[in-house]
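**Student:** Let me give you the structure first, and then I'll get to my questions.
The values are calculated or read from the model by the stated rules, or taken from the named source; none is laboratory data. Keep in mind that what you see is a predicted model, and the values were worked out from it rather than measured. In this analysis, Cβ positions are derived from the backbone assuming ideal geometry, glycine residues included, and neighbour counts consider all displayed protein chains. The accessibility values were calculated without ligands, DNA or RNA, using every heavy atom of the protein model including side chains. Shrake-Rupley method; radii C 1.70, N 1.55, O 1.52, S 1.80 Å.
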Amino acid sequence: MNRNFRYRLLGLSLLVGIAAPGAAIAASDDERLTQLERISNAHGQLLTQLQQQLSDSQRDIDSLRGQIQTNQYQLEQIVERQKIILQQIDELGSKGASSAASTANTSSASTAATAGATASTSTGAAAASSGNEKQDYDNAVTLALEKKQYDDAITAFQSFVKQYPNSSYQPNANYWLGQLNYNKGKKDDASYYFATVVKNYPKSPKASESMLKVGIIMQEKGEKDKAKAVYQRIISLYANSASAKQAEKRLSAL
């Protein structure tokens, strides 16, 4: 009987020994499965968040595209309006400059012609020609700047303009004539010479300065509308120049 009891105890021990590892394995599998489920749930939540962020980003992109299209349309409209305004300014400026030249030509034609005749027939030193284009121009400048002989300088420049019609100094000589006459208070004669520079030598560096002087003379004579048109023309044609900056200041003051 004792022998049988020992056999039964041994068999029970074997069963317990086998069942214990099995239970441990089952518990380990459950724990791994739980971890995998947690990881899977975390991945699922992350994926959902990323999808939401992607959807939000796409919505923002669509909104920005709409704003860009709207801004582009508005910019095109502004550019188109600016073209129209510039055309109007060009037309007004052309009319103003033409009117200035016409007025100056009419009012000072006889004076200029008389002065030109005097210069051509003068035997004085001021009108004497050396036969050298640059030398004659320099002599006229010397009379104006150094010797302060303004009447003689006017005569010398008038002689130069007539004697050297194709000279590269023509714009400067006419500008000098405009400035010297302006200094003497002869605004109509000054306008004539300044307008000559604007009309005949538009690419000369003196063109913008001459147009500014035409506008200033118009303003001083009370012709504000014409002066405004000329100032606007200067700003349009000679942007960023010193003359354009002066024109802007005078335009804002009118």
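**Student:** Ser191 versus (1) under 18 Å from Glu248 (Cβ atoms); (2) open to solvent by less than 60 Å² (accessible area, probe 1.4 Å); (3) not aliphatic (A, V, I, L, M): which is the lone unmet condition?
**Tutor:** Unmet for Ser191, out of (1) under 18 Å from Glu248 (Cβ atoms); (2) open to solvent by less than 60 Å² (accessible area, probe 1.4 Å); (3) not aliphatic (A, V, I, L, M): (1).
**Student:** Could you list, in sequence order, all residues of the range 179-194 that are of a type in the set (D, E, K, R) and in a helix (DSSP H, G or I)?
**Tutor:** Lys187, Asp188, Asp189
**Student:** Also: Report, by residue number, each residue of the range 142-160 that is under 23 Å from Pro205 (Cβ atoms) and either at pLDDT 95 or above or open to solvent by less than 30 Å² (accessible area, probe 1.4 Å) (or both).
**Tutor:** Leu143, Ala144, Ala153, Ile154, Ala156, Phe157, Gln158, Phe160
**Student:** If you don't mind, there's one more thing I want to ask. Got a number for residues in the range 194-250 being open to solvent by 70 Å² or more (accessible area, probe 1.4 Å) and under 18 Å from the mean Cα position of the chain (by Cα)?
**Tutor:** 7
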